[in-house]
1. Search the structure for amide H atoms under 5 Å from the amide H of Lys77, placed 1.01 Å from N in the peptide plane, and list their residues when 5 or more places away or on another chain.
2. Where the centre of each part is set by its Cα atoms, how far does region 148-171 sit from region 64-84, in angstrom?
3. Treat the count of other C-beta atoms within 10 Å as a stand-in for reagent exposure and order His175, His67, His23 from fewest to most.
4. Read phi for every residue in region 74-80 and hand back ³J(HN,Hα) as whole Hz from Karplus 6.51 cos²θ - 1.76 cosθ + 1.60, θ = phi - 60°, with x for Gly and Pro.
5. Kindly write out, for region 82-88 in residue order, the coupling ³J(HN,Hα) from the Karplus curve 6.51 cos²θ - 1.76 cosθ + 1.60 (θ = phi - 60°), rounded to whole Hz, with x marking Gly and Pro.
6. Taking every pair of Cα atoms in region 28-165, average 1/r, invert it to obtain the Kirkwood radius, and report Rg/Rh to two decimals.
7. Which ³J(HN,Hα) values in Hz, rounded to whole numbers, follow from the phi angles of region 136-147 under the Karplus curve 6.51 cos²θ - 1.76 cosθ + 1.60, where θ = phi - 60° and Gly and Pro get x?
8. Val34's amide H: which non-local residues (gap 5+, or another chain) put their own amide H closer than 5 Å, with H modeled 1.01 Å from N in plane and none for Pro or chain starts?
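Computed from the coordinates by the stated procedures, all read-outs in this text should not be read as laboratory data. These numbers come from a predicted model, not from an experiment. No Cβ is skipped: glycine too gets one built from the backbone with ideal geometry, and neighbour counts run over all protein chains shown.
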Amino acid sequence: MRIDHSSISVVCPIFIIFSELIHIQGHLESIRGVTKLRNKIYVLKKHRYALLNTVILVFEDRTPFRHLKNIKIKRVKSVFDIGSNEKENCFYVADGHERCVWKITKGADDKYNMIKWVTTDYVLRQNTLSGCAISVSSVGNSLVVCKFLTNLKIYRSDAEHRSIKLPRSTKYPVHAVET
């Protein structure tokens, strides 16, 4: 028997059982992303009025998911997503207004330091900046994909990157993850 196939797709079902909810006050549409770093969950929340501060809500990563603190981010106005890097012990926030990704690290005095880590090529569409999503691979590379762009950017921790052209059939990518 001869089989002429050039590729095989394997689908593995993933079962997730939600046992608890994290209760967040305010409008749900203001939640832009969530990530976990070490023993904390970070929720990126954009204020509904763009001129007011963006905040990262910090929760314990175990039941009852106690709210620990808020990290106010004064320099970021148009957030899209948040991702964390276990190897670097930091997280990244995509900013559409500045067209960049911020790297946020915790200082010795329990304050957070922000640096403009990389500049991206967001595009302006219909008076709104396109969305951008961040995920981090198991080896610490950041995967960045933007809704109206046709490539995936893979950044190393030193901000060097390579770009992978997405297939023509991929329209408006919204997220990328390592498999």
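1. His97, Glu98
2. 25
3. Listed from fewest to most nearby Cβ atoms, that is His23, His175, His67.
4. 7, 8, 9, 10, 10, 8, 10
5. Those phi angles translate into 9, x, 10, 10, 4, 5, 8 Hz.
6. Taking Rh as the inverse mean 1/r over Cα pairs, Rg/Rh reads 0.95.
7. Per-residue couplings from phi come out as 10, 6, 5, 9, x, 7, 8, 9, 10, 10, 10, 3 Hz.
8. Placed amide hydrogens put Leu44, Ile82 under 5 Å from Val34.
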